[in-house]
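What follows is a short report on a single structure.
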Amino acid sequence: MDPLILVALVIALALFFDFTNGFHDTANAMATPIATGAIKPKVAVALAAVLNLVGAFLSTEVAKTISGGLIREGDGGVQIGPALILAGLIGAIVWNLITWLLGLPSSSSHALFGGLIGAAVVGSGFGAIDGGVLVSKILIPAILAPVTAGFVSYLATKIAYKVTRKRERDGFKRGQVFTASLVSLAHGTNDAQKTMGVITLALIAAGMQEVNSGPEFWVIAACAVAIAAGTYSGGWRIIRTMGRGITEVEPAQGFAAESATTATILASTHLGFALSTTQVASGSVIGTGLGRKGASVKWRTAGRIALGWLITIPAAGVIGAAAALLVGLGPWGIVMAVVLALIAIGGIFLWSRRNRVDHRNLHQPEPGVFVRPKKRKARR
Amino acid sequence: MNIDWLAFFTVVVASLVSACLVVTLFSLALRLGDGKAKWRRPVSLAMFGLCGIAVAFGIYLIVGDHLLVLFSGGR
């Protein structure tokens, strides 16, 4: 196959992955402000989109290894060619869409890692994977991130409810605008970089760009627009899960949870212990649910989310591996892999139309679900 | 496999202190903004101001390095 076509395919799929990354992660920043009514749903996604766009342009430091050291690439290791990157991207995209359909906030980076790992294993065996890095960079942080954020958010919620009286707590809505915006901006500076890294790697591998050079301006611009468009389209299913599915969030809780998320993410990026934004944000919401008296955490939903995190890497890996097997067959295999991926994407999209979730019906209960009438609290 | 527990501990402490500080300030600002006494309003505003500084510091943490790169003339 003409390498030019292959690289074009990789770029197209990478940008589509960036798009799914955007709408998967809108919920991290905007689920709680939408749930408490601090920002109107449409305004919230527009704000998040703009901040992601700005953030993507502000990021100058692109990770040299997109796999974060998981795959032994480079000298004496695995050579990941554009074809394997293509397979990895297919795995990441399909898994991102499946978790979106199920309304699960799962980490897009993990989906990307998983897809690439699967492709690398097919390409050159299990020796390609650094197991120690997998445990210390993915598994342990996946446990620590929600626990840390949950603990911080729990204490912050306690403080907020101790200090303020009931009639003052609407004021927290104004604070939420700022904390949510910070999360969005931080997201833009981090996440668009991954796609820039993938595209740059593919360009270098195809010999269209010098080795060890940074991303071209058009790559940065395209990634910024893709992630902003994805963010604006809003992963409403995931926003629903994060905003209402785990616990009922009040403005004071929303502010406490968002502060905890912001603080944890900023601390983790600047003090050298990387934590997943999605896992931090989910942990904060659970923590704030535990921190308010009378709030309850729906552990079934929390368990489903945790299960989603556990299987994200293997699942994306299996899809990536299957795609890599097809790609290994030669040009026709590549065409077939792309066509099958398009069919899967189209299928998931059509399936999602069966019960639409968007900004209009975000917080309506699903038909057929029994709604327990709100009990009036007994006066103390 | 090696996990940098010291870095992790620093992250926990830093996020705990900063998040609780901001939430305390904002809560106090709301609480003090509510009363009738004359001294309350300026103190409340000052606390909102401190929260604003915290937000500005957050923005600096996110984009500070990048701005430095931009204004020092390239990479």
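Remarks
- Some residue of region A:286-298 being aliphatic (A, V, I, L, M) and under 28 Å from residue A:114 (Cα atoms): yes
- On the stretch given as region A:244-257, residues that are among the small types (Gly, Ala, Ser) and either more than 11 Å from chain B (Cβ to nearest Cβ) or touching a Leu at 6+ places or on another chain (Cβ under 6 Å) (or both) total 2.
- Only residues that are among the aliphatic types (A, V, I, L, M), within 7 Å of chain A (Cβ to nearest Cβ) and more than 30 Å from residue A:136 (Cβ to Cβ) were counted in region B:8-52, giving 4.
- Scanning region A:18-44 for residues being in contact (Cβ under 8 Å) with a residue 24 or more places away in the chain, over 30 Å from residue A:86 (Cβ atoms) and assigned to a helix (DSSP H, G or I) gives a total of 11.
- Some residue of region A:140-152 being over 20 Å from the mean Cα position of the chain (by Cα) and assigned to a helix (DSSP H, G or I): yes
- Sole exception among (1) within 21 Å of residue A:51 (Cα to Cα); (2) at pLDDT 90 or above; (3) of a type in the set (Val, Ile, Thr) for residue A:277, by number: (2)
- When region A:132-157 is limited to residues that are in contact (Cβ under 8 Å) with a residue 40 or more places away in the chain and not hydrophobic (A, V, I, L, M, F, W, C), the one that is farthest from residue A:112 (Cα to Cα) turns out to be A:157.
- Contact map, region A:258-270: first residue facing chain B (nearest Cβ under 7 Å), second residue aromatic (Phe, Trp, Tyr) and surrounded by 24 or more Cβ atoms within 10 Å (Cβ to Cβ), Cβ cut-off under 9 Å, separation 6 or more or different chains; pairs are A:259/B:26.
- Single unsatisfied condition, residue A:203 versus (1) modelled with pLDDT of 80 or more; (2) surrounded by fewer than 19 Cβ atoms within 10 Å (Cβ to Cβ): (2)
Each row is one residue, and each column tells you yes or no for (1) surrounded by fewer than 22 Cβ atoms within 10 Å (Cβ to Cβ); (2) at pLDDT below 85.
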residue: A:168; (1), (2): yes, yes
residue: A:180; (1), (2): no, no
residue: A:190; (1), (2): yes, yes
residue: A:199; (1), (2): no, no
residue: A:209; (1), (2): yes, yes
residue: A:219; (1), (2): no, no
residue: A:223; (1), (2): no, no
residue: A:229; (1), (2): yes, no
residue: A:238; (1), (2): no, no
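- Residue A:252 more than 29 Å from residue A:16 (Cα to Cα) and without any contact (Cβ under 8 Å) to a residue 60 or more places away in the chain: no
- Top-ranked residue of region A:163-181 - restricted to ones that are polar (S, T, N, Q) and more than 7 Å from every other protein chain (Cβ to nearest Cβ), ranked as farthest from residue B:31 (Cα to Cα): A:181
The values are calculated or read from the model by the stated rules, or taken from the named source; none is laboratory data. On a predicted model such as this, the values are computed, not experimentally measured, just so you know. Positions of Cβ are backbone-derived with ideal geometry, glycine not excepted, and every protein chain shown enters the neighbour counts.
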